[in-house]
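> My questions will all concern the structure given below.
The values are calculated or read from the model by the stated rules, or taken from the named source; none is laboratory data. Not measured: the values here are computed from a predicted model. Backbone-built Cβ (ideal geometry, glycine too); neighbour counts: all protein chains shown.
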Amino acid sequence: MKAGKVTGICECVGVSAPILGGGHGWLQGQYGLAADQIISARLALPNGDVVAVSKDSNSDLFWAIRGAGHNFGLVVEWEYRIYDVKNPKWSYEIFIFSGDKLEALYELTNEMMKGQPPEPIIWYAIIYDGSIDTAREYAKPIHDIEPLMVNAGTGTVPEIAELTYQSEDSAGCVYGLMSLRDPIGLKTYNTAALRKVYDDIDETFRQVPELAGSFFLLEGYSTQGVQAVDEASTAFPHRCDETPVTSYVMYKPKPAIDQVAQAYGSRLRGYLLEGSEDPQHLRAYVNYAHGTESLQEMYGWEEWRLEKLKSLKGQWDPDNRRRYYAPIA
């Protein structure tokens, strides 16, 4: 039996970086986030010391590195939980719809997510770690919306990454491009807000063709494994979200359109935030963070979370040397 591990979906980001911010991925419905798989780690601190962290050793630091780990040190060793591979090949169906189907598609998605089993991930594709027959049955209602095209088959996890533009050689990992993200966590899709997003994307691509290589990710991973973990047990603050969303604004470096690109990504997120269940409290997945988000938006709105993180930061990195990415201080 082959063994597999819970990782992110993008092949060019490695393993440690996603883990430090939580780590969404294909298997999270079954096993939880990538960060939930950590048994222990050895961490090189900013002062040069190397310490072991686990639930029994430096447990507060162990709590912090699973969701806010970019702030505390360099991981030199992981002890990581792995699982038997159920299926060497996964089932997929990739759908292409005309723009007028948007409302019907995401109204159906909201209903399907209520009873979504742990294995499939709504992308649009349906990706399923299970039998082809079960996957096809699950996806049957989507066919009733009359897609323009369906590409169905089976593939290994690396092949699935290529199909979803997340392999090392595909659009999501292209080197030399500007890449801006504006993430937001949602509980359901607001179809009126998604229509604004779609129409803005269409209009912006016409007016600014340099941005036409951008795309918009609406990732509907299963959440049973994520939400089965006590939300207070790690620094990751967004376990209640059903779907992480982000614009993915990519273009060849060109200072003349930098401001246009910045405003474009922010505007798309703004539509979704305005149409969300809690417009006053943006929840932004730290691994996708743009850099303009507040600490509360990245690390949680509960006061105790930030107080604990700041206290630990002062204890383990008093000189604030680890401040390159999404710094707490």
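> Where residues in the stretch 235-266 are surrounded by fewer than 20 Cβ atoms within 10 Å (Cβ to Cβ) and out of contact with any strand residue (DSSP E or B) (no Cβ under 9 Å at 6 or more places or on another chain), which of them is nearest to Tyr285 (Cα to Cα)?
Ala263
> Looking only at strands (runs of 3 or more DSSP E) that fall completely inside the stretch 1-100, which ones have 2 or more residues that are within 30 Å of Tyr128 (Cβ to Cβ)?
Qualifying strands (runs of 3 or more DSSP E): 38-44, 74-80, 90-96.
> Would you say Glu293 is under 22 Å from the mean Cα position of the chain (by Cα) and closer than 30 Å to Ala193 by Cβ?
Judged against the criteria, Glu293 is a match.
> Does His70 satisfy the condition of being crowded, with 16+ Cβ neighbours inside 10 Å and in contact with a helix residue (DSSP H, G or I) (Cβ under 7 Å, 6 or more places away or on another chain)? Show your work before the answer.
Numbers: crowded, with 16+ Cβ neighbours inside 10 Å: yes; in contact with a helix residue (DSSP H, G or I) (Cβ under 7 Å, 6 or more places away or on another chain): yes.
So His70 fits the description; yes.
> Among the residues of the stretch 57-101 satisfying the criterion of being of a type in the set (Val, Ile, Thr) and more than 16 Å from Ile38 (Cα to Cα), which is modelled with the lowest pLDDT? Talk me through it step by step, then tell me what you get.
Our first condition is that a residue be of a type in the set (Val, Ile, Thr); within the stretch 57-101, this holds for 65, 75-76, 82, 85, 94, 96.
Okay, now just the ones that are also more than 16 Å from Ile38 (Cα to Cα), so 85, 94, 96.
Numbers: Val85: 84, Ile94: 88, Ile96: 87.
Looking at the filtered set, the residue picked out is Val85.
> Do any residues in the stretch 36-50 that are assigned by TED's automatic domain parsing to the domain that holds Phe62 have Cβ atoms under 6 Å from those of residues that are of a type in the set (Gly, Ala, Ser), where the two are at least six apart or on different chains, and which pairs are they?
Cβ pairs passing all conditions: Ser40/Ser54; Arg42/Ala52; Leu43/Gly73; Ala44/Gly73; Leu45/Gly73; Val50/Ala44.
> In the set Gly275, Gly300, which member is at pLDDT 95 or above and touching a His at 6+ places or on another chain (Cβ under 8 Å)? Working first, answer last.
Details: Gly275 fails: touching a His at 6+ places or on another chain (Cβ under 8 Å).
Only one candidate passes the filter, namely Gly300.
> Just to be sure, is Ala261 part of a helix (DSSP H, G or I), more than 30 Å from Lys55 (Cα to Cα) and either among the hydroxyl-bearing types (Ser, Thr, Tyr) or in contact with a helix residue (DSSP H, G or I) (Cβ under 8 Å, 6 or more places away or on another chain) (or both)?
Values: part of a helix (DSSP H, G or I): yes; more than 30 Å from Lys55 (Cα to Cα): yes; either among the hydroxyl-bearing types (Ser, Thr, Tyr) or in contact with a helix residue (DSSP H, G or I) (Cβ under 8 Å, 6 or more places away or on another chain) (or both): yes.
For Ala261, the condition - part of a helix (DSSP H, G or I), more than 30 Å from Lys55 (Cα to Cα) and either among the hydroxyl-bearing types (Ser, Thr, Tyr) or in contact with a helix residue (DSSP H, G or I) (Cβ under 8 Å, 6 or more places away or on another chain) (or both) - is met.
> Hey, another quick one. From the list Asp36, Asp49, which residue is over 23 Å from Ala289 (Cβ atoms) and out of contact with any strand residue (DSSP E or B) (no Cβ under 7 Å at 6 or more places or on another chain)?
Being over 23 Å from Ala289 (Cβ atoms) and out of contact with any strand residue (DSSP E or B) (no Cβ under 7 Å at 6 or more places or on another chain) holds for just one of Asp36, Asp49, which is Asp49.
> Then there is this: Any idea which residue in the stretch 161-186 is surrounded by the fewest Cβ atoms within 10 Å (Cβ to Cβ), counting only those that are in a loop (DSSP other than H, G, I, E, B) and of a type in the set (Asp, Glu)?
Among those residues, the one meeting the criterion is Asp169.
> Regarding the stretch 138-160, can at least one residue be identified that is under 16 Å from Glu219 (Cβ atoms) and assigned to a loop (DSSP other than H, G, I, E, B)?
no
> What are the residues in the stretch 220-234 that are surrounded by fewer than 18 Cβ atoms within 10 Å (Cβ to Cβ), assigned to a loop (DSSP other than H, G, I, E, B) and touching a Pro at 6+ places or on another chain (Cβ under 9 Å), if any? First the steps, then the outcome.
Of the residues in the stretch 220-234, the ones surrounded by fewer than 18 Cβ atoms within 10 Å (Cβ to Cβ) are 224, 227-233.
Then keep just the ones that are assigned to a loop (DSSP other than H, G, I, E, B); that gives 228-233.
The one that is surrounded by fewer than 18 Cβ atoms within 10 Å (Cβ to Cβ), assigned to a loop (DSSP other than H, G, I, E, B) and touching a Pro at 6+ places or on another chain (Cβ under 9 Å): Glu231.
> Does any residue of the stretch 76-95 turn out to be on the phi < 0 side of the Ramachandran plot, out of contact with any strand residue (DSSP E or B) (no Cβ under 6 Å at 6 or more places or on another chain) and small (Gly, Ala, Ser)?
Scanning the stretch 76-95, I find no residue that is on the phi < 0 side of the Ramachandran plot, out of contact with any strand residue (DSSP E or B) (no Cβ under 6 Å at 6 or more places or on another chain) and small (Gly, Ala, Ser), so the answer is no.
> Further question on the same structure: Under 6 Å by Cβ, and 6 or more places apart or on different chains, what pairs join a residue from the stretch 57-86 that is over 21 Å from Arg323 (Cα atoms) with one that is crowded, with 24+ Cβ neighbours inside 10 Å and at pLDDT 95 or above?
Hits for this filter: Trp78/Ala41.
This table checks each residue for (1) small (Gly, Ala, Ser); (2) in contact (Cβ under 8 Å) with a residue 12 or more places away in the chain; (3) not assigned by TED's automatic domain parsing to the domain that holds Ser98.
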{"position": "Pro147", "(1), (2), (3)": "no, yes, no"}
{"position": "Val150", "(1), (2), (3)": "no, yes, no"}
{"position": "Met178", "(1), (2), (3)": "no, yes, yes"}
{"position": "Lys187", "(1), (2), (3)": "no, yes, yes"}
{"position": "Asn190", "(1), (2), (3)": "no, yes, yes"}
{"position": "Asp200", "(1), (2), (3)": "no, yes, yes"}
{"position": "Glu203", "(1), (2), (3)": "no, no, yes"}
{"position": "Val208", "(1), (2), (3)": "no, yes, yes"}
{"position": "Ala212", "(1), (2), (3)": "yes, no, yes"}
